[in-house]
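Data first, discussion second: the structure below is written as structure tokens.
The numbers here are math on the coordinates, done by the rules we state, and not lab data. Predicted model only: the values in this text are computed from it and were never measured. For neighbour counting, all protein chains shown are included, and Cβ atoms are generated from backbone atoms with ideal geometry for every residue, glycine included.
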């Protein structure tokens, strides 16, 4: 009885001490910013304009859904987060917020975000958001993350869905364009996170997370990064020949693809001795480049949309891949 009382007192103390900013950090705001941006691009480049108020509401509820996933992920992963330098200062492992609080917040935001998106947009968008939350929390966090080195590959589907949700919010459909935006993020995710794992491998090893670097070593991981980068280039270029692509997007994609392939090739040729000697400088540069790579692809899609709205399209552009499912 005393133990239960002491535990309850500790939880209350954590909650009393937690600031608003710490509750916000439970929602993984940096991840949420990527979700907001890619979902907004998916919504804005769609061929069906959405009322500005409904568009804002849709993005808001998609963001809340992403935050719900983040809170539930932190609740479940608190036991391994405390062993990793990158995550040890999160609110739960640092003792500032109780695990149950994060769980309850995540469940509440999940229900609110899905229900409100159904009202603001449509049931397809809400269903995709519900699937995204389920996939990230149950399939990735609870199942894949601690079980297989393919955790990032399969689990990346949840982070790739926001532009598809944005598109569905505007059109009520899934299309070739939205699937290719999904695939762009899906194929980008493994090189991005495997680059991180190359210089954060000790964290994953201590926490017992079977990242590819832990189970198969850095050499194999470098080969996988290069292979996925080549497939990513094909998806990147395919988007140029859809209704949302164009010459500006194609030029940006080619330039970014050249830089990304060159970076992956450099990682492939690196020895571990060289990487350790310079503190994994090339791996860290590639990781930062991966963030810029994805951001600028979606910016280029927005530029193409802006040019079309302004009637400034550059000649006739072949649309080879288009249509709703």
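Tabulated data
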| item | result |
| --- | --- |
| Leading residue by the ranking (farthest from residue 113 (Cα to Cα)) among those in region 45-56 that are in contact with a helix residue (DSSP H, G or I) (Cβ under 8 Å, 6 or more places away or on another chain) and surrounded by fewer than 21 Cβ atoms within 10 Å (Cβ to Cβ) | 47 |
| Entirely in region 91-160, the helices (runs of 4 or more DSSP H) that have 2 or more residues that are over 28 Å from residue 204 (Cβ atoms) | 99-120, 123-134 |
| Subset of region 28-43 [over 18 Å from residue 186 (Cβ atoms) and surrounded by fewer than 22 Cβ atoms within 10 Å (Cβ to Cβ)] | 28, 29, 30, 32, 33, 36, 40 |
| Complete set of residues in region 296-307 that are touching a residue at least 12 places away in the same chain (Cβ under 8 Å) and either crowded, with 19+ Cβ neighbours inside 10 Å or over 23 Å from residue 187 (Cα atoms) (or both) | 297, 298, 300, 301, 304, 305, 307 |
| Check on residue 240, assigned to a helix (DSSP H, G or I), free of Cβ contacts under 8 Å to residues at least 40 places away in the same chain and surrounded by fewer than 18 Cβ atoms within 10 Å (Cβ to Cβ) | no |
| Filter result (assigned to a helix (DSSP H, G or I), under 26 Å from the mean Cα position of the chain (by Cα) and surrounded by 14 or more Cβ atoms within 10 Å (Cβ to Cβ)) within region 270-295 | 282, 283, 284, 285, 286, 287, 289, 290, 293, 294, 295 |
| Flag for residue 70 being closer than 29 Å to residue 245 by Cα and part of a helix (DSSP H, G or I) | no |
